[in-house]
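Just so it is clear, none of the values below were taken in a lab; they were calculated from the coordinates. Computed from a predicted model, the values in this text were never measured in an experiment. Glycine also receives a Cβ, built like all others from the backbone with ideal geometry; neighbour counts cover every protein chain displayed.
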Amino acid sequence: MRIILIGPPGAGKGTQCQRLIEYLRVPHLSTGEMLRAAVRAGTPEGIEAEKYMGQGQLVPDPIIVEMVTKRLEYRDCRGGCLLDGFPRTLPQAEILDDLLERHAMSVDGVIELAVPHDELIHRMMARKRADDDPTIFSKRIASFELQTAPLLEYYQSQKKLATIDGLGDAESIFKRVLEAVQRFKNVVNLKGSKRNGSRRPSPPL
Ligand code: AMP
């Protein structure tokens, strides 16, 4: 399955992704992690990306798209993957759809982890990442609301969105995540059976 997990900074995507990749046994494609690795390695993309990441801004689409395109072509992604932090803009979502379509694939479902603004600030106080400086963190939330939230509508219109409550302990949230995954599986199976059905030879006239 190809699933996207969307949520504002501090929503707990990392924890849920970790559990979900173990459950689905698919690779975890986190663009934030890929970028942090590129920054650590000092690659030209990493050096460029750091300028934006340090400001709580989104890294330009071309850098991200090239990174994800290459990663999606790895053999281990053939059976599916969990996308975390990508797509984050409408153009990225459209590029992803085109990319998958060229390989006769598609996004099976999108899970939104919904967490209220005040709770995000509260959680941020308990974390220690460099880009969790309060000013930068607020910018990241603003960027989510401005650039990433429109994606929800995009996936809603494709009937692929499952919004789940991101409050509570990790275990309860994961139960909700699995319920969403089950719904996606049912839709995928239904589509598959309809497709198979249409391949049956027509009855003689
Ligand atoms: P994350 O770990 O997903 O919160 O990402 C950390 C930072 O990496 C973000 O604040 C952005 O600066 C950058 N980033 C990650 N994914 C993307 C993306 N899909 N598009 C643009 N910038 C991204």
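If I take every Cα pair under 8 Å that is 6 or more residues apart in the chain, average their sequence separation and divide by the length, what percent do I get for the relative contact order? Before the final figure, lay out each step's value.
Working: 234 pairs, mean separation 63.3, N = 205.
Computed over the chain, the figure is 31 percent.
Arranged by the count of other C-beta atoms within 10 angstrom, fewest first, what order do ILE3, ILE164 take? Spell out each step's value before the answer.
Details: ILE3 25, ILE164 18.
Sorted ascending by nearby Cβ count, the order is ILE164, ILE3.
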Subject >> Cα lying deepest toward the dipole's positive end in the range 2-188, options ASN186, GLY168, ALA41, charges on Cβ >> reply: ASN186
Original post:
Under 25 Å from the Cα of LYS13, which lysines turn up, not counting those fewer than eight places away in the same chain?
Top reply: LYS51, LYS70, LYS128, LYS139, LYS159, LYS160, LYS175, LYS185
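About its Cα centre, what dipole magnitude does the chain give when the only charges are +1 on Lys and Arg Cβ and -1 on Asp and Glu Cβ, stated in debye to the nearest 20? Intermediate results must be reported in sequence, preceding the final value.
Details: 30 positive and 27 negative charges, 201 e Å.
Around 960 debye, computed over the chain.
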Original post:
Using helices alone, what [θ] at 222 nm do you get for the chain, with -39,500 (n - 2.57) per DSSP H run of 4 or more residues, divided over all residues and rounded to the nearest 500?
Top reply: -18000 deg cm²/dmol
Subject >> Packing-based exposure ordering (other Cβ within 10 Å, fewest first) of ASP76, ASP108 >> reply: ASP76, ASP108
**OP:** Calculate, axis by axis, the spread of Cα positions in the range 2-188 along the three principal axes, and write the results as whole Å, longest axis first.
**Re:** 42, 38, 29
